[in-house]
Amino acid sequence: MNGWINYLFNAIALGMTFLYGSVGEILTEKAGHLNLGIPGIMCMGGAGGCIALQLMYRSGIPPMLIVIISILAAFLSGVLMGAIYSFLTVTLHANQNVTGLAMTTFGVGMMKFIISKIRPLQYMYALDYFRFPFSDRTDSLKYWGVMVYLAVVVAIVASLVLSRTRVGLHLRAVGENPATADAVGINVTAYKYGATCIGSGIAALGGLFYIMDYSGSPEAYLNIEPFGWLAIALVIFALWRPYLSFFGSMIFGALFVAGSFIPGLLGLTLPMSATPLLEMLPYVVTILVLIITSIRKKRENQPPASLGQSYFREER
Amino acid sequence: MNKTVALEMKQVSKYFGSLAANRKVDLTVYRGEILAILGENGCGKTTLMNMIAGIYFPDEGQILVDGQEVVIRSPKDAFRHKIGMIHQHFKLVDLFSAAENIVLGINDGERYNLKEVNARVQEIAERYGFHIDPKKKIHEMSVSEKQTVEIIKVLYRGADILILDEPTAVLTPQETEKLFAILKRMRDDGKSILIITHKLHEVLSLSNRVAVLRKGEHIATVETASTNPAELTEMMVGQKVSLNINRPEPENTQDRLLVSDLSLVNADGIKVLDDICFTARSGEILGIAGIAGSGQRELLETIAGLQHPAGGRILYHNPKTDKEEDLRDKTPMQIRELGVRLSFVPEDRLGMGLVANMDIVDNMMLRSYKRGHSLFVDRKKPKDLADRIIRELQISTPGTATPVRRLSGGNVQKVLVGREIAAAPTVLMAAYPVRGLDVNSSYTIYNLLTAQKQQGVAVIFVGEDLDVLVELCDRIMVIANGRVSGIVDGRTATKEEIGVLMTQTRAEIESQKEKEGSDRAEA
């Protein structure tokens, strides 16, 4: 049975990478902005966190503080990317898809450049720090570090904010119908900037989490980009609801690592070439969810009505 | 009556580029009165009101509330001065409930509690006699319910000055009456109400005073009791206009289009057309009345071959061959070739029929590009046609090479209707052809339709203004909930009669049909 528990722990842990990305993207999309820059933003989060770790290498700062500072650094890297994206799409009304893709291209390249310049030892030293409060354990619990719990907290808070607070109500109104929100005196631009920047910050944590918590390998940073795309797919899968994205991320995680666990657990031997096929499963499931929600056509399950459209005030 | 001034505008102007939307307008609003703002389309009524509501900022002049000069830069500022506007196009979030929409944007520091909001909404509703379910989602509401939400939204914010932009355009006569009763109750409660409209009879029955605007300028404000429609129209248009539609008796009528038992199911599986039966005759205008979204659009699209009916027949009597043909077997292209023309003017005018970024010639070509055998399209004939339409319908445009989107709404509609008429149709279907047009342009379109009727065309006219329907049409078919609730004679029918038919529910129509059936059986 130990194998199955390992599988479950691994699936949940990987799922948190998607959870950060998708919760961030949900916040952005709720403001009516489709941010395809999430993969790049997650990469930049990883890079920002690693730079912070390198700067604190052998500095004598307590481990816990090192973790917190690097998480903050990753968050700020995301906010910075989000601010660039917002400036282009909100203020300059640039096309959101093109801007997002540019952010991804930029972020991925920049991160590869940055991390390849840092010696792995100068950030990998903190691997164990990220495992607190279970740094001393040797059993399955060691799979999960502090950022797994942080991801869950972030998802719950995002969910509550969206559904229970005035800020959430206003944000949803901005994404559904910015002209209406504007007419009742909501500062549409501020909400769009705020949601995009905070969302990008949250997504950026996913990159750091993957490098320092889930993977722990010096080559990990090369794998972040595809997870960014999966996070965007997960938003659709979760019907723009953070709490559903929590379950969705675990399913995606389970499907993604199925290739490396299931054959062994069931005593099957699959050819190596089958692994990429199994890794397609999350995308197949996303397509299925898209088909089902399109057929049912419930208003509540559709994307925010103004998603992808620029808002011009004078145009009525 | 002891009058206190609630709001004053002094020499207010607003320019869009070099165009003056409002020039030196003076306006005074008292507490406890209903002031109607009257004027043609594009005369600056809405712009003027938007400046009070904080959507636009005046370029010149002052606005005074309770005698104090105020600066209103945003809707929020307007609310602070207890001014609220109900826009013509509702500003509501479809996915939210009524209560959520009502509290949207309020930041009073209190905890966000929907239950309390619901209670307060009910309290306001009872005070003025509204009926509302605070928990109902906007997308499940009728137009009049949405309007109620908009009004309560403004009252909830404590507005004392309410601005309503053409509130009756989307309502049935019964709903209008209800709204007017509520507005009068608010007036008696001391609120000031500004109502924009271009329906004269409403102005006369509701308002205390009327302010008339023309081309952005304030012409006069008069006491409603001491004026009459002719005087108001003259002030509005600047010249004497005859407001009568010429309606010649139909001649040589012949059944042209026979629709029987037509039903249509939409993509959501809802029956939008149910057992529609009617006949359209040549040399006659058949009006179609109904609340917006009762199936008018779907009916016309089905006849034009754009939608596939679930059942029923659409027989077309071809005047050339004297044979009957079933349009259901034909493609939209074949139906068009038969002379059945649809000139649909959708809500956004340009959505269907014209391509906004193309010029008039190119838009003419949308109907003729398949002609000829040359490798290149023929631009000569469409150009001639475009010139002819511009001349005959007096379209004001810099030239045929101007993109259609640069033309004003009225001119766009003339291009669309003109093109369809130019094809010498045998059946002309026009949906909302005067929507958003001013008085003069509207009458041009009515005259065009009448001219077509006199040439033996079967005209089907979907309209929303009942006053026009009863003046223009020979027969009026009323649709309610996708069913025909009655076909009445345009010369004898009254608006009230049509209004009752418009609001009939399915069950009522059903029972009426049964009754007729049994009557017939007895006879």
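The values are calculated or read from the model by the stated rules, or taken from the named source; none is laboratory data. These figures come from a predicted structure and were not determined experimentally. Heads up, the Cβs are rebuilt from the backbone with ideal geometry, glycines too, and the neighbour counts pull from every protein chain shown. Quick note on the areas: whole protein, heavy atoms, side chains included, nothing else; ligands and nucleic acids left out. Shrake-Rupley method; radii C 1.70, N 1.55, O 1.52, S 1.80 Å.
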222 nm mean residue ellipticity, helices alone, for chain B (DSSP H n ≥ 4; -39,500 (n - 2.57); rounded to 500): -10000 deg cm²/dmol
Ordering of A:188-199, B:118-129 by burial proxy (mean other Cβ atoms within 10 Å per residue, highest first): A:188-199, B:118-129
Per DSSP, loop GluC sites (Glu not before Pro) in segment B:250-340 with at most 16 further Cβ within 10 Å: B:E251
Relative contact order computed over segment B:210-342 (Cα-Cα under 8 Å; 6+ residues apart), in percent: 19 percent
Solvent exposure, largest accessible area first (probe 1.4 Å, DNA, RNA and ligands not counted), of B:V340, A:V98: A:V98, B:V340
Over 26 Å (Cα to Cα) - which of B:K137/B:K495; B:K76/B:K146; B:K14/B:K146; B:K45/B:K146 fall in this group: B:K137/B:K495; B:K14/B:K146
Surface accessible to a 1.4 Å probe, B:E223 within the full protein complex, Å²: 90 Å²
Per residue accessible area in Å² of segment A:3-315, where ligands, DNA and RNA are left out and the probe is 1.4 Å: 42 Å²
Most mobile listed residue (A:L162, A:L268, A:L127) in chain A, GNM with C-alpha springs under 10 Å: A:L268
Size of electric dipole in the protein assembly as shown: Cβ of Lys, Arg +1 and of Asp, Glu -1, about Cα centre, debye, nearest 20: 1800 debye
Relative contact order (%) - segment B:5-237, alpha-carbon pairs under 8 angstrom, separation at least six: 29 percent
Whole-number percent relative contact order across chain B, with pairs defined as alpha carbons under 8 Å at least 6 apart: 14 percent
Share of Cα-Cα pairs in the protein assembly as shown lying beyond 43 Å, as whole percent: 45 percent
Calculated from backbone phi, Karplus (6.51, -1.76, 1.60) coupling profile of segment B:419-434 in Hz, x at Gly/Pro: 5, 5, 5, 4, 7, 6, x, 9, 10, 10, 10, 10, 10, 6, x, 10
Rounded percent of accessible protein surface that carbon and sulfur make up, the protein assembly as shown, 1.4 Å probe: 55 percent
Cα gyration tensor shape of segment A:39-155, rounded if a/c is under 1.5, else prolate or oblate by comparing a/b with b/c: prolate
Stokes-Einstein diffusion coefficient of chain A, Kirkwood radius over Cα pairs, 4 °C, 1.567 mPa s, in µm²/s: 65 µm²/s
Charge dipole (debye, nearest 20) of chain B; +1 at Cβ of Lys and Arg, -1 at Cβ of Asp and Glu: 1480 debye
Aspartates and glutamates whose Cα lies under 15 Å from that of A:K30, excluding same-chain neighbours fewer than 8 positions away: A:E176, A:E300, B:D94
C-alpha center-to-center spacing [segment B:454-504, segment A:200-257] in angstrom: 60 Å
Karplus-derived 3J(HN,Hα), 6.51/-1.76/1.60, for each residue of segment A:96-110, Hz, glycine and proline x: 5, 5, 5, 4, x, 4, 5, 4, 5, 4, 5, x, 5, x, 4
Isotropically averaged projected area of chain B, using the convex hull of Cα atoms (one quarter of hull area), nm²: 28.7 nm²
Listed residues B:D322, B:D165, B:D255 arranged by accessible area, highest first, probe 1.4 Å: B:D322, B:D255, B:D165
Listed pairs A:K298/B:K414; B:K199/B:K330; B:K136/B:K271 exceeding 32 Å between Cα atoms: A:K298/B:K414; B:K199/B:K330
Total accessible surface hidden between A and B, rounded to 100 Å², 1.4 Å probe: 2300 Å²
FRET efficiency for B:V222 and B:D77, using Cβ-Cβ distance with R0 set to 30 Å, rounded to 0.05: 0.45
Average other protein chain Cβ within 10 Å of Cβ, residues A:183-196: 4
Pairs of alpha carbons in segment B:354-423 whose separation is greater than 22 Å (percent): 14 percent
Surface accessible to a 1.4 Å probe, per residue, for the residues of segment B:354-423, Å²: 57 Å²
